[in-house]
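Below is one structure, written out as structure tokens; comments come after it.
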Amino acid sequence: MAIGAPDSVDLPVPLATAPGVTVPPWSRLPIPVGSLVGREREAVEVRDLLLRPGRRLLTLTGPGGVGKTRLALRVAAELTDHLAEGAVFVSLASLVDPALVPRTVVAALGLREEPSLSPIAYLAEALRDRQQLLVLDNFEHVMPAALAVAELLAACPGVRVLITSRVRLRLTAEQEYPVAPLPLPASDATRAAVAESAAGALFMERAQAVAPAFALTDADAPAIAAICRRLDGLPLAIELAAARAAVLSPRALLNRLDRALPLLTLGARDLPARQRTLRDAIAWSYDLLEAEDQALFRRLGVFVGGFGLAALDAIGRPEVTWDADGPDRVALGADPLLLDRVTRLIDASLIGAAGISGDESRFAILETVREFALERLAASGEAEDVRARQAAWALALAEQSEVALVGPDQVAWLDRLEAEHDNLRAVLAWALDPDAPQRAETALRLAGALWRFWATRGHLVEARGWFERALAVPGAALVPAGVRAKAINRLGNVEIDLSDYRGARIRLEQSLALWESVGDRAGVASAHNGLGLVATYVGDTPLARAHYEAALALRRTLDDRPGLGNTLTNLGNLEHAAGRIERARALLDEALAVREGMGDSGAVAYAHLNLAAVERTEGRPAAAAARFERSLIGFRDVGDVLGEADALHLLGRLLAESGDVAEAARLQGEALARRRRVSDQRGVLECVEAIAAIAARRRQTTAAVRLL
């Protein structure tokens, strides 16, 4: 098949030139229908790279539907003025034999083959003295022809080659240029934000092509922004979605995107067959993979929001057994064969490298591509096994982190859990399937292990939801009592932070009874400590002291350092509120020493916060302010939203007492914003009262000045 004029399968558009460009006789470029939206910067960068001395082979890589061909055609049109013989476009999509690539290029150039020479030798002879650009489109399935490209470049110093491919050629002279999805609308999703983003602009252009009356309104802007985000900024996906604008409003379209692939069909008839639906575009890449690489790819579909090497091990290395020793028990990603497979998936543009989180490499998969992977996983019959392996990895990660979060590496572990939060949510959702009651223990153990992370990073409302669902799921009643007691207790702790003291007391009493029934002294101490907090907040000082003293005695006997530091702090604060300053300081000093000994920087920040409150009572505002500042830094370092709010609030009160009402008001405003973010109702009320007091003080000061 001659490729000089693309046929109806590959790219059925007329041979022409870009508007305003004078093309030499040898140039043969199709003009894609529609404008190149959002790729102006990339077009300039690719053109400049190709014009740079010594850079004669450039490969545009990226997933199917990202717009590599359209970008290549724009660049080729702009380069025709710089090359004596212009540019030639060669579509390779229909080829099945890599050996036919040189012959296809010969046909695209309008040349007649010379029987006495091989096609590549003939090409080399014909192009030896030319200044010309060859655009070789869809190279990924003819990779063995890469050596012919290298031979041609070596023989023809004036020839440049621009390739589009989902996989790079791995040639020495090759410069790779990854083509990323389009930039998304800003998170505020205003009409201006949608219009100014490349993804939003593309949606609007294509929507107006099928529905000329379609307009961007304030009401529709959030839905259009959400559509662009749901489709990962992938141009083909956005175009296919916008094609529905004639029959669906943006909000109706968004509601149907829970599963994107079935909706994103009916592409333009003059698109290549592989791009008439998004599923076909992804399947094109998938079908080029070896069987083992296909298996890894479809298994990776279970990961949401990216994944690291440890997660990769969990589903990619069947010989690895995951348990509570945690993912660091194995060398992360140590299997060279597994890493080679990941590299091939990256080369195929099915997954992407997402940088480094902490000391671990992370990878990402576009949501639309992930949906395709999950379809293939379901069809393979492997889904249940892969989900179970993912759950075992998540549980090992959470239970190892539970210990690490009260040690010197807590910030790294908090960040690690934050990076994997979407995956942990996915595992929880899987474990809470009402038709699979045998998973209830996984759900309860996972939620119980994640409590401290959720509390520290301000995910309190979400945490309560997971705990309530886990405790209500069929099968929860059959889970061992100790596991249920821990989950119930942690839910009580969350409810304390959410100021639901009645609910917290019920939960904590339930956990106390369960732990007593199985003889778990550490659990009993934890329940007493929580009940002490509830009694403190409702104003029952004698009951609070009794619970704290019971917890303290048990924790000293058990040498439970994290628990000991916690109860010492709570009892110290109670004694401070009761006016027993000397004992309060002794308890809080001991708590600080315990927490410093563990290297628990978040707990150390709380210790300084509480000692600052004592020093404020003692009439030492400068010392108190210094401790408040120190605690604030500590909370910010670990990302503890509630702790930061407490420090801001107490420092603001101190400054108000010293007369700096402007700074005090600012700090109370910051504290109020954080407490509202995590639904801390008790804290919100404290901030509102403090702000009202500052306002009253300002009015009094203003009135006094007027009297003067």
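Per-residue extension of 0.36 nm, minus the Cα-Cα distance of residue 337 and residue 586, leaves a gain of 83.8 nm for this segment. Compared with the dominant Cα axis of the chain, that is its longest principal axis, helix 460-472 is turned about 90°. From the largest down, the chain spans 103, 74, 49 angstrom on the principal axes of its Cα atoms. Nearest 5 percent is fine: what portion of the DSSP beta bridges confined to the chain is antiparallel? Bridges in the chain are about 30 percent antiparallel.
Ranked by solvent-accessible area (1.4 Å probe, protein heavy atoms only, all chains present), the residues 421, 82 order from largest to smallest as 82, 421. For the chain, the longest principal axis of the C-alpha atoms and the axis of helix 561-577 are separated by about 50°. Fully extending the segment from residue 418 to residue 517 would add 32.1 nm, taking 0.36 nm per residue of separation and subtracting the current Cα-Cα distance.
Provide the per residue accessible area, probe 1.4 Å, for the chain, rounded to a whole number of square angstrom.
Working: 29300 Å² over 708 residues.
Value for the chain: 41 Å² per residue.
Helix 521-537 and the longest principal axis of the C-alpha atoms of the chain enclose an angle of approximately 80°.
As a ratio to 2.2 N^0.38 Å, the alpha-carbon radius of gyration computed for the stretch 333-447 takes the value 1.18.
Note on residue 633: accessible area is roughly 100 Å² with a 1.4 Å probe, heavy atoms of protein only. In the stretch 570-616, the C-alpha radius of gyration followed by the widest Cα-Cα span (Dmax) gives 10.0, 30 angstrom. Legend: P(r) of the stretch 407-565 from all alpha carbon pair distances, 10 Å bins from 0, whole percents, reading 11, 37, 37, 14, 1. When all alpha carbon pairs of the stretch 464-521 are counted in 5 Å bins from zero, the resulting P(r) reads 4, 22, 29, 25, 15, 5, 0 %. How large, in percent, is the carbon and sulfur part of the accessible surface of the chain at a probe radius of 1.4 Å? Answer for the chain is 54 percent, counting heavy atoms of protein chains only.
The values are calculated or read from the model by the stated rules, or taken from the named source; none is laboratory data. Since we're looking at a predicted model, the values are computed, not measured. Surface areas here come from the heavy atoms of the whole protein model, side chains and all, with no ligands, DNA or RNA. Shrake-Rupley method; radii C 1.70, N 1.55, O 1.52, S 1.80 Å.
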